[in-house]
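These notes are about the structure you will find just below.
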Amino acid sequence: MNSASDGPAKTGQASNLMKRVLSALVLIPVALGVIYLGGFAFVVAIIILALLMMYEWNSICMRDAVRGIFACQAILIAAVSILIGTYDIYMAFMVMILGIVALAVITLLLARRYILWVICGPVYALFFAASLIWVRQQPEIGLGAICWLMATVWCTDTGAYFAGKTIGGPKLAPRISPKKTWAGLIGGMACAAVASYCVSAFFDYHPLWLLALAGACMAVWGQIGDITESALKRRFNVKDSGALIPGHGGILDRVDAIVFVAPVVAAYLALRPIGDF
């Protein structure tokens, strides 16, 4: 027999699921539209997301830090992203190195105890921004590669959520992220493999079986990114990085897997034989 508390708990879970679904129905078409457009619209959208990530990062790690530090971080992220968007990779790299050094100096003068978080924050955001912008601008393959990346990550999250809720079982990382289960990870891998296969078939990428396997592997790597962000929040005793997206939390909560997966996809495209996916 269910306890009296089961009713409100189940109602709360259903309400949260509805918020997640409605948010996805609004945000996914917008994201797909920006991805399809590419170019200036895509660069601007990624910069906005990266700046929101940086704001949430600072809110978690440096609640009483000097506000001017965020302005410096934002300028660095925007400058590097724009340079990558204009195909000036070497200048982007130089600006990133000089910007990190400048941030370190400013932090030593204004808020020395935050120096680790001041430096790591922009690097984390730039993994996200620089990788996605660079992948999208690749001729012929950029649109398909971004769609493959996003479909893999989104379907990992969806599969992990429903498999974890339905099956439950042993926890994946109970001390860091108590809600994650091994069943969720396996469900996420399965959904990522199917999504990878379907997107690859649509864009005529081959071999399909290998890309499906790559999707499953990226699901695992993305979950490591998710757990890493959970460890950051646990370190500072924070439940969600923000409340910007109903049912999902903040921007950091939604892109934690992409931060890890996108650089891997970018590295593969940079090193792949010409003509291959």
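Just to verify a result, which residue in region 229-258, among those that are in a helix (DSSP H, G or I) and touching an Asp or Glu at 6+ places or on another chain (Cβ under 7 Å), is surrounded by the fewest Cβ atoms within 10 Å (Cβ to Cβ)?
First, pick out the residues of region 229-258 that are in a helix (DSSP H, G or I): 229-235, 251-258.
Remaining after also requiring touching an Asp or Glu at 6+ places or on another chain (Cβ under 7 Å): 229, 251-253, 256-257.
Numbers: Glu229: 22, Ile251: 24, Leu252: 27, Asp253: 20, Asp256: 27, Ala257: 26.
Among those residues, the one meeting the criterion is Asp253.
Close contacts from region 66-88, counting a first residue that is assigned by TED's automatic domain parsing to the domain that holds Val43 and a second that is aliphatic (A, V, I, L, M) and part of a loop (DSSP other than H, G, I, E, B), with Cβ to Cβ under 9 Å and a gap of 6+ residues or different chains, come to Val66/Ala111; Ile69/Met62; Ile69/Ala111; Phe70/Met62. If the condition is being buried (at least 16 other Cβ atoms within 10 Å of the Cβ), farther than 27 Å from Cys61 by Cα and modelled with pLDDT under 95, then region 204-228 contributes only Tyr205.
Tell me yes or no: at least one residue of region 9-18 is at pLDDT 65 or above and among the basic types (Lys, Arg). Checked region 9-18: no residue is at pLDDT 65 or above and among the basic types (Lys, Arg). Taking the conditions exactly as written (modelled with pLDDT under 95, farther than 17 Å from Phe260 by Cα, part of a helix (DSSP H, G or I) and under 20 Å from the mean Cα position of the chain (by Cα)), does Gly144 satisfy them or not? Judged against the criteria, Gly144 is not a match.
The values are calculated or read from the model by the stated rules, or taken from the named source; none is laboratory data. Since the structure is predicted, the reported quantities are computational estimates derived from the model, not experimental observations. When we count neighbours, we look across all protein chains shown, and the Cβ atoms used for this are built from the backbone with ideal geometry, even at glycine.
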